[in-house]
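The values are calculated or read from the model by the stated rules, or taken from the named source; none is laboratory data. Note that the structure is predicted; figures quoted are calculated from it, not measured. Using ideal geometry, Cβ is built from the backbone for each residue, glycine included, and neighbour counts are taken over all protein chains shown. The protein model used for the area step is the full one, side chains on, heavy atoms only, and it has no ligands, DNA or RNA in it. Shrake-Rupley method; radii C 1.70, N 1.55, O 1.52, S 1.80 Å.
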Amino acid sequence: VPPERIRNFSIIAHIDHGKSTLADRLLQATGTVASRDMKQQFLDNMDIERERGITIKLQAARMLYRAKDGLDYILNLIDTPGHVDFSYEVSRSLMACEGALLVVDASQGIEAQTLANVYLALENNLEIIPVFNKIDLPGAEPERVMREVEEVIGLDCSGGILASAKAGIGIDEILESIVATVPPPSADAHKKPLRALIFDSYYDPYKGVVVLFRVMEGELRPGDKVRFMNSEAEFDTDEVGVLMPKHKPVDVLSAGEVGYLFASIKSVEDARVGDTITLAKRRAEKPLPGYQKAKPMVFAGLFPVSADDFNDLKVALEKFKLNDAALSFEAESSSAMGFGFRCGFLGMLHMDVVQERLEREYNLELITTAPSVVYRVTPTKGEPYMLDNPSQLPDPTLRKCIEEPYVKLDIITPEEYVGPLMELAVSRRGEFKDMRYLVQGRTTLVYEMPLAEMVGNFFDALKSRSKGYASMEYDWIGYRESDLVRLDINVAGDPLDALTCIVHRDKAYSVGKEYVKKLKEIIPRANFQIVIQAVIGTKSIASERISALRKDVTAKCYGGDISRKKKLLKKQAEGKKRMKAVGKVEVPSSAFLAIVNIN
Ligand code: GDP
Ligand code: MG
């Protein structure tokens, strides 16, 4: 197939507007995946993603499509992850395309991610095809939503398509529109030295790292020695192919095509998303623009419940890292928790996914400490440095200032929730910047807010205060000085360094109070009294007591009901597994995350 009959596109949408369902339909309609092999949502191929209904890792699929003009076309669908933690990967996959389907739920309208994704697509000069999905729903108002997209984004919707991915309506129109509207890749680029953009890479235990890329210029053949221009690593290519979506080897991939390679690469670190592939023998002068190193935004400690598992955790993290260049970790020791790792994540979702997969795939039991952002500390003597572990914040007398990361937050909400959402934003130290009428009945709120206030349950709070109708996006804007203090927690006289957090001075009292109250509920009674204290410096600002235990738990079981007694003991034992002995006190793992829900 000549380059003028290649179309590279992706699908952008707000979460739940139907991206994955539409992708499935396109694969089916083009016969790429036979109906009988069709698992729901073929592209979201990780269990966790499927459970959570979100796409984390992007994947690609090549479809052959015979258009109404009688010619065969190659349609390369490059899927994008649907979460703000992974916006860098989204931007790289859009850069690999000439067009995008913008899917908007016709029963909802524009949401925060719709806008963020459209702006990314426009920045990359993509041709955008609006698709108004879910028209099968009785509440669908495609005309209204179409006007919304025209008004707010300024996108011409005359070529927009009314569709139902679920009911299979509008699928042929979408395929025809891709052929007619999305420009083909430039035709003369195959003579230049190779430059291919990596939009995904993952570790396969048999093949090593599988690299997915778009050839922007030049050609690549199996056996070629490739060079990754940013990592400067070189490898002999074992196999080059296309994604159908299963691997299918080919003899050559030319400018405009999308494919994969493997070359016995041991770690995704060597072939990261955004890097440029060239040939070792005939190198391109410059890598493609826009490469970024992964920048972890959220840090937390990961500790094994049982100290014997430390080495297993180390091995698991090392293995995990082969497949996740964005994860960072280094060994950490905590007086309360023993040996573990301080890990850096792109965001909260990334953190949840890593923890869950470590537990599931490596059979580890872990305790995650409350996540923290990265602060910038200027000591009284010496250079400013970055600090990701609250328990290492030096005493106020030893520092000149401390700065914290800020984000610009865009919220889109139906009018009636503006009040409660403004309250929420203020309670999270948000600085009001702007309020705009978006379309009839809906408003955009703009705030600048410390990232630390969003880590944790901000998104849930936003959803619950708007009955699920508000959506949000945020963008990093830089560091600002704040009046922050270190809040320590003592349990039975022992400092629990894993619970130390950094909070704004104005909130320290209420956070400390809530925290000790929560710990009182969580920590089981012992046969002595336990005092829990929240402390700033040497000053206790809040405390609670857990009175000593008098009775044995099994005393609750009456009449020699053995099976009930056993059950109770077993349940207790299971609960115990997730406990960490701190000094004399058993602290359940949930205590370490409780602070997230207060902050
Ligand atoms: P994504 O988050 O954008 O990938 O959205 P999904 O494809 O996972 O779809 C989200 C939900 O909307 C799922 O429950 C789908 O079954 C449903 N859905 C997707 N497309 C349609 C449609 O055209 N009509 C209706 N009624 N439901 C749809
Ligand atoms: Mg999806």
Q: With the full set of protein chains in place, find how many percent of the accessible area of the stretch 355-398 is carbon and sulfur; take the probe as 1.4 Å.
A: 48 percent
Q. Where does helix 348-362 land angle-wise versus the long Cα axis of the chain, in degrees 0 to 90, nearest 10?
A. 80 degrees
(Q) Can you tell me the orientation of helix 418-427 relative to the chain, as the angle in degrees between its alpha-carbon axis and the longest Cα principal axis, to the nearest 10? (A) 50 degrees
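In units of 2.2 N^0.38 Å, what is the alpha-carbon radius of gyration of the stretch 476-525?
Details: Rg = 13.4 Å, N = 50, 2.2 N^0.38 = 9.7 Å.
Cα Rg divided by the expected 2.2 N^0.38 Å: 1.37.
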Q.
Suppose each label sits 7 Å from its Cα in the direction of the beta carbon; what would the Arg5-Glu269 distance come out to in nanometres?
A. 4.5 nm
(Q) Using the Cα atoms of the chain, I'd like the radius of gyration and the largest Cα-Cα distance, Dmax, both in angstrom. (A) 26.8, 87
Q. Do any of Lys321/Lys520; Lys321/Lys513; Lys433/Lys467 go past 30 Å between their Cα atoms, and which?
A. Lys321/Lys520; Lys321/Lys513
Q: Calculate how steeply helix 310-322 sits against the longest principal axis of the alpha-carbon atoms of the chain, using the helix alpha-carbon long axis, and give the answer as 0 to 90 degrees to the nearest 10.
A: 20 degrees
Q. Relative to a virtual label point 7 Å from the Cα of Glu415 in the Cα→beta-carbon direction, which members of the stretch 430-458 show backbone nitrogen distances below 14 Å?
A. 436-444
Q | Modelled FRET efficiency - R0 30 Å, Ser306 with Lys408, Cβ distances, 0.05 increments | A | 0.10
Q: Express the carbon and sulfur contribution to the solvent-accessible surface of the stretch 210-270 as a percent, rounded to the nearest whole number, probe 1.4 angstrom.
A: 42 percent
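So if the hydrodynamic radius of the stretch 441-492 is defined as the Kirkwood radius over C-alpha pairs, what does Stokes-Einstein give as its diffusion coefficient at 20 °C and 1.002 mPa s, in µm² per second? List each step's numbers first, then the result.
Details: Rh = 14.0 Å.
Translational D for this selection: 153 µm²/s.
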Q. For Ala581 and Ala548 in the same chain, what is the full-extension length gain: residue separation times 0.36 nm, less their Cα-Cα distance, in nm?
A. 10.2 nm
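What whole-number value in Å² describes the accessible area per residue of the chain for a 1.4 Å probe? It would help to have the intermediate numbers written out before the result.
Numbers: 26800 Å² over 599 residues.
Per-residue value: 45 Å².
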Q. So how far, in whole Å, is the C-alpha centre of the stretch 353-369 from the one of the stretch 82-131?
A. 32 Å
Q: Can you send over the carbon and sulfur percentage of the accessible area for the stretch 459-513, probe radius 1.4 Å, protein chains only?
A: 46 percent
Q) Taking only the alpha carbons of the stretch 124-236, what extent do you get along each of the three principal axes, in Å, biggest first? A) 55, 36, 26
**Q.** Over the stretch 397-547: Kirkwood hydrodynamic radius from C-alpha pairwise inverse distances, Å
**A.** 17.4 Å
Q: Sort largest first and round to whole Å: the equivalent ellipsoid semi-axes of the stretch 380-424, each the square root of five times a Cα gyration tensor eigenvalue.
A: 38, 11, 9
Q.
Given the whole protein assembly as supplied and a 1.4 Å probe, what does the accessible area of Leu451 come to in Å², nearest 10?
A. 10 Å²
Q: Could you work out the relative contact order of the stretch 349-476, using alpha carbon pairs under 8 angstrom and six or more residues apart, expressed as a whole percent?
A: 24 percent
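In what sequence, largest accessible area first, do Tyr479, Tyr260, Tyr417, Tyr119 appear using a 1.4 Å probe?
Details: Tyr479 55, Tyr260 0, Tyr417 30, Tyr119 110 Å².
Output order, biggest surface exposure first: Tyr119, Tyr479, Tyr417, Tyr260.
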